[in-house]
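For reference, the structure discussed in these notes is given below.
The values are calculated or read from the model by the stated rules, or taken from the named source; none is laboratory data. As the structure is a prediction and not an experimental result, all values here were calculated from the model. Don't worry about glycine lacking a Cβ; one is built from the backbone with ideal geometry, like all the others, and counts go over all protein chains shown. Side chains included, ligands, DNA and RNA excluded: accessible areas come from the protein's heavy atoms. Shrake-Rupley method; radii C 1.70, N 1.55, O 1.52, S 1.80 Å.
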Amino acid sequence: MEIVILPSASEIAKLVADKVQKLLKIKPNLVLGLATGSTPIPIYDELVARYEQGLFSFSKVRAFLLDEYVNLPFGHPQSYLEVIRRCFVNRLDIDPNNVHAPDGTFSDMFLSCSSYESKIKESGGVDLQILGIGIDGHIAFNEQGSSLVSRTRVKTLTERTRQDNARFFNSTNEVPRHVVTQGLGTIMDAEHIVLVATGISKAKAVANTVEGAVSASCPASILQMHKHVTVVLDDASASDLERQDYYRSTFSAKPSWQSI
Ligand code: F6R
């Protein structure tokens, strides 16, 4: 795991966008894993700004979302597919048909989840997965206690996650109880995973993820078992890390030829 601590969300966005830009040069048909939620928005804004400057094209990029609410009507403004369309996909030249999300309106749950897994495999697998993290350590919608080798499936949200996400709805009651989410095993198949966190509310989850034991009580801690993970943090979300000084000195001494 590489831990990068930067002063602001905009610095984080630039670093991650640099990585995407570099990958696009090597592989224009990059397969990107996209997280929704508030944390990655500055990254998407930065990518859109660079696209508008003509620095790259997303025309051949394929993208997979991590998760989706179950049974929100098709086109509901808070469906994760709609959110990612609004904040990212509709703002650059990616083909909307190449942007996939788990189907939350399925009639056959098992078929729908396994066909999502197959779609990811058929694409050649995710090259770069962008992840946020919940204050309890969830990634995608793998709540505490999730199997560390789980695949795409339906999960029940905790009350805490529903309350956290109520800010996007009129009330907690409107937040669906069920979601369909890539499993931890699915996420772990990505070639490179970049987890981003900002704000003091994420400090404990970040410390448990990076320096705690690998445990289903902190689902993100499974990332310790991945060969290429970059955790990009602001000062506040890094504030509970014991080895902060080491991470900072490692990053500042990083050879210039080596990207994240
Ligand atoms: C959403 C997702 C979630 C969020 C997490 C943090 O696709 O995967 O795990 O990343 O709930 O959300 P924010 O960034 O809004 O704090």
Checking Pro28 against (1) surrounded by 14 or more Cβ atoms within 10 Å (Cβ to Cβ); (2) more than 27 Å from Glu174 (Cβ to Cβ), the condition it does not meet: (1)
Test set (1) open to solvent by less than 10 Å² (accessible area, probe 1.4 Å); (2) within 12 Å of the ligand (Cβ to nearest atom) - Leu128 fails condition number: (2)
Pick from the stretch 20-56, criterion within 16 Å of the ligand (Cβ to nearest atom) and of a type in the set (S, T, N, Q), ranking: nearest to Ala197 (Cα to Cα): Thr39
In the stretch 62-89, residue surrounded by the most Cβ atoms within 10 Å (Cβ to Cβ) [restricted to those that are within 10 Å of the ligand (Cβ to nearest atom) and of a type in the set (D, E, K, R)]: Glu68
For Asp95: the one exception among (1) away from the ligand (no atom under 13 Å from the Cβ); (2) surrounded by 18 or more Cβ atoms within 10 Å (Cβ to Cβ): (2)
Strands (runs of 3 or more DSSP E) lying entirely in the stretch 149-260 (those with 1 or more residues that are open to solvent by 50 Å² or more (accessible area, probe 1.4 Å) and within 23 Å of Lys14 (Cβ to Cβ)): none
Test: Ala17 is away from the ligand (no atom under 13 Å from the Cβ) and surrounded by 21 or more Cβ atoms within 10 Å (Cβ to Cβ): yes
Pairs with Cβ under 7 Å, 6+ apart, first in the stretch 159-173 and in contact (Cβ under 8 Å) with a residue 24 or more places away in the chain and near the ligand (Cβ under 9 Å from one of its atoms), second outside any helix (DSSP H, G or I) and of a type in the set (Asp, Glu): Thr161/Glu143
Criterion: within 15 Å of the ligand (Cβ to nearest atom) and touching a His at 6+ places or on another chain (Cβ under 8 Å) - qualifying residue of Ile193, Ile139: Ile193
Long-range neighbours under 8 Å by Cβ, at least six apart or interchain, first residue farther than 20 Å from Val175 by Cα and free of Cβ contacts under 8 Å to residues at least 40 places away in the same chain within the stretch 135-149, second open to solvent by less than 10 Å² (accessible area, probe 1.4 Å) and within 8 Å of the ligand (Cβ to nearest atom): none
